[in-house]
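Have a look at the structure below before the remarks.
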Amino acid sequence: MSALVFEMKDTPDQRLDLSPLVPERLNGLSRKDIQAIEIGTTRETLTVGDAFKVKGKNAQEIHFDGTDERCDKIGAKLAGGEIFVDGDVGSQLGARMTDGKIEVKGSAGVLAGASMTGGHVAIRRDAGDQAAGPAFGETMGMKGGFLTIGGDTGALLGERMRRGLVVVGGKAGDYAGGRMIAGTLVLRGGAGRYAGYGLRRGSLIFTEKPKDILPTFSDSGVMEFDYLLLLEKWLRGTGMRIKLGGRARRLMGDMAVLGKGEMLILA
Amino acid sequence: MPDLKIKGITIVETFAEAFPMVGTRIIITAPTMEWALISARTMTGFATSVIACGAEAGIERTLSRKETPDGRPGVAVLLFTMDADKLQKQLRNRVGQCVLTSPGSACFAGLEGEKRLKLGAPLRFFGDGWQMSKVLGGKRYWRIPVMGGEFLCEDTTGMTKKAVGGGNLLVLGKSHESVLAACTRAVKAMAELPGVITPFPGGIVRSGSKVGSKYKGQIASTNDAYSPGLKGAVNSALPLDVEAVLEIVIDGLTADAIHTAMHAGIHAIAKGGSRTGVTHISAGNYGGNLGPHHFHLKEIVG
């Protein structure tokens, strides 16, 4: 059975709420029913059929082609199945998702992977502010799962994050790991200012020494971490080759709050 | 019916009687294989028989860097007891005292199993509040700060209720030397097989026991029917020319694993034939009424 494909016709004149287009909702629906789903966000009614050409059948594998930064909430609350996006996406990509996989070839807007609890979100290019942060109305950010961002991120990456793993290929913005409760950020291209601001628990792993380190992080020196070897091997199992090695400098903080978090800077 | 013989060695028409046990597997890694083995040997020390050791344990096999979760050299260890509570207690104590303490070690689950046992979960409290939890791919790991750096330990490991303990082979021969050499060969052959351990010293028992004793409070006593020095006094199972009997006890995660190990063991013992001085291969049982698993030598050889 061929994948269910949504091909963008032309740029609609409003933002789209694509949260209904997840396998759980679409399973067993006829093409007509799918085309009738409302995805508009203004008083102008807009349906799937207005914005997309729909092809294929298998709702467990959904493709979006030609989307742009106004296509919000793709894969929100996803509970299983796979979504592939050829294009950019808007805000709240995979927000509150519990399982499944989302792959985006372009960039994502704000709140990508917000309050997700499981599954894997892979963004080939950049992500906006508050990736892995708290979704609207939530007190906590990402609570589990795996988020990979190939490019740069906006500010407040992993804000109020509780659990889970984020790997950033490019540079993270200011306040990366801000007010983080726990979880792990792997930062391959450094971060902006104030990384780890208000960090309670959790780990910020820098493959290279960051430019600015908050004065409220205190140095524990260099030592060996078997955990880094475990993480390296686990990442390799997911297809990501990142050399972490076993040695890192550990800074504990943020001492302005609980101070049980850490920055691990590979040595 | 004539006796079944392999290369002149008589395979006695009997069976090994074995018991259901609960078992688990853990993986111990270290910076070098030497230290992984030191940790594993310590953890599986004093674990020959549940009669007085609390558990039966042993090294299943060594693991290459490719096979371990952290990419360091490792050792797979099997641990068996009679029930889940005892297994939990033994696991906690042994990992806590022998793996946590061992330089550079880390400890991981080695079995999926139908039930979970706590592995790092109770040990994390050693961190006194400085322990960190990390979840990777749905599995929780604990990072416990210690003097040597950090002890990494998976939160839980799997347990199987389908484990079997007490698979065994008795080797009879014309000299102690020949029987010991044959048993050593057999243990070596079994060591390469997955899912089994031979928990006794070097895999071999020289003092097989029978249930009960003439003395009150002694729950097991010498297997007089197989003690060569008592041939003249008791209802002995030994021919007059047998000078020594040694036993190999096998515990396995499944009955099939024990079956395979006994097969490999018998053929390793019989390798040199009767010229080596080995005369019989037999097995221990209690008449078949105690243990539900019966491993008939004839079927295993065939």
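Just so it is clear, none of the values below were taken in a lab; they were calculated from the coordinates. Because the structure is a prediction, the values reported are computed rather than measured. Glycine also receives a Cβ, built like all others from the backbone with ideal geometry; neighbour counts cover every protein chain displayed.
Under a 5 Å amide H cut-off, with hydrogens placed 1.01 Å from N, A:THR148 pairs with A:VAL121, A:ALA122, A:ILE123, A:VAL167 among residues at least 5 apart or on other chains. Note on B:LYS5 and B:LYS118: the model spin-label points, each 7 Å out from Cα along the C-beta direction, lie 5.9 nm apart. Mean projected area of the Cα convex hull of chain B, taken over all directions, amounts to 17.4 nm². So for chain A: antiparallel DSSP bridges make up what percent, rounded to the nearest 5? Taking every DSSP beta bridge within chain A, about 25 percent pair in antiparallel fashion. The ranking of B:SER227, B:SER39, B:SER102 by Cβ neighbour count inside 10 Å, starting from the fewest, reads B:SER227, B:SER102, B:SER39.
For the set B:LYS210/B:LYS231; B:LYS66/B:LYS115; A:LYS105/A:LYS171; B:LYS5/B:LYS271, the pairs lying more than 20 angstrom apart at their alpha carbons are B:LYS66/B:LYS115. DSSP beta bridges confined to the protein assembly as shown are antiparallel in about 60 percent of cases.
In chain B, Cα pairs under 8 Å separated by at least six residues give a relative contact order of 26 percent.
For the stretch A:1-67, the Cβ-based charge dipole about the Cα centre amounts to some 220 debye (Lys, Arg positive; Asp, Glu negative; other atoms uncharged).
Shown for B:SER133, B:SER282: other C-beta atoms within 10 Å of each C-beta, ranked fewest to most, produce the order B:SER133, B:SER282.
The Cα center of the stretch A:103-142 and the Cα center of the stretch A:175-206 differ in position by 15 Å. Each label point was placed 7 Å from the Cα along the Cα-to-Cβ direction; for B:TYR215 and A:ARG236 their separation is 5.6 nm. Averaging 1/r over each pair of different alpha-carbon atoms in the stretch A:30-176 and inverting the result gives 15.1 Å, the Kirkwood hydrodynamic radius.
If you plug the beta carbon distance of A:GLN14 and B:TRP130 into 1/(1 + (r/R0)^6) with R0 = 56 Å, you get a FRET efficiency near 0.60.
Antiparallel versus total DSSP beta bridges in the stretch A:160-267: what percent is that, nearest 5?
Looking only at bridges with both residues in the stretch A:160-267, the antiparallel portion is about 45 percent.
Structural descriptor for the stretch A:92-266: relative contact order 14 percent, calculated from alpha carbon pairs under 8 angstrom and at least 6 residues apart.
Take the Cα of B:PHE46, go 7 Å toward its beta carbon, and none of the backbone nitrogen atoms of the stretch B:13-40 fall under 11 Å from that spot.
When the dipole is taken about the Cα centre of the stretch B:22-160, and only Lys, Arg (+1) and Asp, Glu (-1) are charged at their Cβ, what size is it in debye, to the nearest 20?
Taking the Cα centre of the stretch B:22-160 as origin, the dipole is about 160 debye.
With a Förster radius of 25 Å, plug the Cβ-Cβ distance of B:VAL301 and B:ASP224 into 1/(1 + (r/R0)^6) and report the FRET value to the nearest 0.05. The computed FRET efficiency comes out at 0.35. Modelled label positions at A:SER220 and A:ALA36, each set 7 Å beyond Cα in the direction of Cβ, lie 5.9 nm from each other. Taking GluC sites (Glu not before Pro) across the stretch A:7-81, the ones in a DSSP loop with at most 12 further Cβ atoms lying within 10 angstrom of their Cβ are A:GLU44. Report the normalised scattering of the stretch B:116-175 as log10 I(q)/I(0) at q = 0.18, 0.19 Å⁻¹, calculated by the Debye formula with identical scatterers on the alpha carbons. With one equal scatterer per Cα and no solvent, log10 I(q)/I(0) is -0.68, -0.73.
Taking a point 7 Å out from the Cα of B:SER175 in the direction of its Cβ, none of the residues of the stretch B:9-30 has a backbone N less than 11 Å from it. Sorting the Cα pairs of the stretch A:151-209 by distance into bins of 5 Å, from 0 upward, gives 6, 25, 36, 27, 7, 0 percent per bin. The dipole here belongs to the stretch A:158-264: it is taken about the Cα centre, uses +1 on the Cβ of Lys and Arg and -1 on the Cβ of Asp and Glu, and is about 240 debye. The tail of the calculated P(r) for the protein assembly as shown beyond 47 Å holds 34 percent of all Cα-Cα pairs.
Exposure proxy ranking for B:ILE250, A:ILE39, A:ILE265, based on other Cβ atoms within 10 angstrom of each Cβ and starting from the fewest, stands as A:ILE265, A:ILE39, B:ILE250. What is the Cα centroid distance between the stretch B:230-281 and the stretch B:81-134, reported in whole angstrom? The two parts, judged by their Cα centres, are 36 Å apart.
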